[in-house]
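Before any comments, here is the structure.
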Amino acid sequence: RAKDQGRNTYRFFEAEMTARAMQRLHLETALRGALARNELELLYQPQFELKSGRIFGAEALLRWTHPELGKVSPADFIPIAEEIGLISEIGGWVLEQACLQLNAWERQGFSVKRMAVNVSVQQVERLDLVDEINAILQRTGVAPGRLELEVTESLLMRNVERVVANLNALRELGVTLAIDDFGSGFSSLGYLKRLPISRLKIDKTFIDGVTVDDNDDAIARAIIALGRALGLDVIAEGVETQAQADFLEHEGCHEVQGYLFGRPMPAHALRQLAANGR
Ligand code: C2E
Ligand code: MG
Ligand code: MG
Ligand code: MG
């Protein structure tokens, strides 16, 4: 009987694994067609300057709504897109859409200084990344200095020759570079002097603890001081409370992004927010 039970348990696991594999396969197949079926869209989260209380930038954040699966989180589908080699195609679309949106806002009399776009490792490793971005900037007429790419520490740690070459070429074009989720990777900081970085984005996990956990206070302060010492701008992500915003302002971090100031929202809503103030 014990043997039977063991076999049943095994069958159960097998069924469970098959179900999961099927679900994953389904997601993959659906994702492959998402662009063509117009299921992807960008939301924009405002970036605020505390001193002036003004929106100076926006971060483009990708959303996928599948007719049957509903909304799928980028945390779930971006890794899949990376694994199946789809992220460059999707990423190209994101870059172009984000630039087109800057123009659309401009036509509506609303000017956002800078648009931040997340890019994956695989995009930055591509031989033709710089040409592609250059072409998008030419087509849309967006000044390179208005585009900021957000990359993660893991990319910079690898010190791949082509990544370094691409980042330098982008810098030469005038495109700026921000390190997303800064402090969350276990990285050495050597890349900060080797690579053309403009901005550090303090990871949300530290901002969460600021004003309630002395360690997070200390880490946030250290990152702000590091930025100041190296001549880099520093922005905080995931700011949710006024106490966090007050702490950051007091410590000299004047750029903020987070639910306190605005969630990721459709383009028209961001324009309205800018017009009405928060
Ligand atoms: P990220 O670039 O670090 O973006 C910040 C995430 O935190 C976003 O989640 C945003 O909606 C969320 N967030 C912002 N403020 C707050 C806050 O105050 N509280 C809380 N709880 N969350 C906040 P989202 O939009 O789900 O995106 C998740 C991740 O997916 C992004 O992290 C980014 O790594 C990736 N991603 C999103 N769009 C793209 C894209 O177009 N290309 C690539 N390669 N990755 C993308
Ligand atoms: Mg980001
Ligand atoms: Mg981030
Ligand atoms: Mg993050």
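The values are calculated or read from the model by the stated rules, or taken from the named source; none is laboratory data. Because the structure is predicted, anything quoted here is derived from the model rather than measured. For neighbour counting, all protein chains shown are included, and Cβ atoms are generated from backbone atoms with ideal geometry for every residue, glycine included. Ligands, DNA and RNA are excluded from the accessible area calculation, which covers all protein heavy atoms including side chains. Shrake-Rupley method; radii C 1.70, N 1.55, O 1.52, S 1.80 Å.
Expressed as a whole percent, the accessible surface of the range 86-203 that belongs to carbon and sulfur atoms is 50, based on a 1.4 Å probe.
One quarter of the convex hull surface built on the alpha carbon atoms of the range 215-278 amounts to 4.9 nm², the projected area averaged over directions. Maximal additional length on extending the Q138-R37 stretch stands at 33.7 nm, based on 0.36 nm per residue less the C-alpha distance. Each peptide in 57-65, 125-133, 150-158 was scored by the mean count of other Cβ atoms within 10 Å over its residues; highest first, the order is 57-65, 150-158, 125-133.
When all alpha carbon pairs of the chain are counted in 5 Å bins from zero, the resulting P(r) reads 1, 5, 11, 15, 16, 16, 14, 9, 5, 3, 2, 2, 1, 1, 0, 0 %. Taking the Cβ of A34 as the centre, find all other residues whose Cβ is under 14 Å away and add up their charges (Lys, Arg: +1; Asp, Glu: -1). Spelling it out: positives minus negatives among the neighbours equals -2. Sequence-distant contacts, meaning Cα pairs under 8 Å at least 6 residues apart, place the relative contact order of the range 62-187 at 22 percent. Bridge orientation summary for the chain: considering DSSP beta bridges with both residues in this region, about 40 percent are antiparallel.
Which whole-angstrom value gives the distance between the alpha carbon centres of the range 90-128 and the range 208-259? That distance is 26 Å. Taking all protein chains as shown and a probe of 1.4 angstrom, M22 keeps an accessible surface of around 120 Å².
With N the number of residues in the range 32-186, Rg(Cα) / (2.2 N^0.38 Å) evaluates to 1.05. When each of the peptides 196-208, 167-179 is scored by how many other beta carbons lie within 10 Å of its residues on average, the order from highest to lowest is 196-208, 167-179. Highest mean first, the peptides 141-148, 105-112 sorted by other C-beta atoms within 10 Å per residue fall in the order 141-148, 105-112. Accessible surface computed residue by residue for the range 90-233, with neighbouring protein chains in place and a 1.4 Å probe, gives 45 Å² per residue.
Here the relative contact order of the range 1-112, from alpha carbon pairs under 8 Å that lie six or more residues apart, stands at 19 percent.
Net charge in the neighbourhood of L156 (other residues with Cβ under 14 Å of its Cβ; Lys, Arg +1, Asp, Glu -1) is +1.
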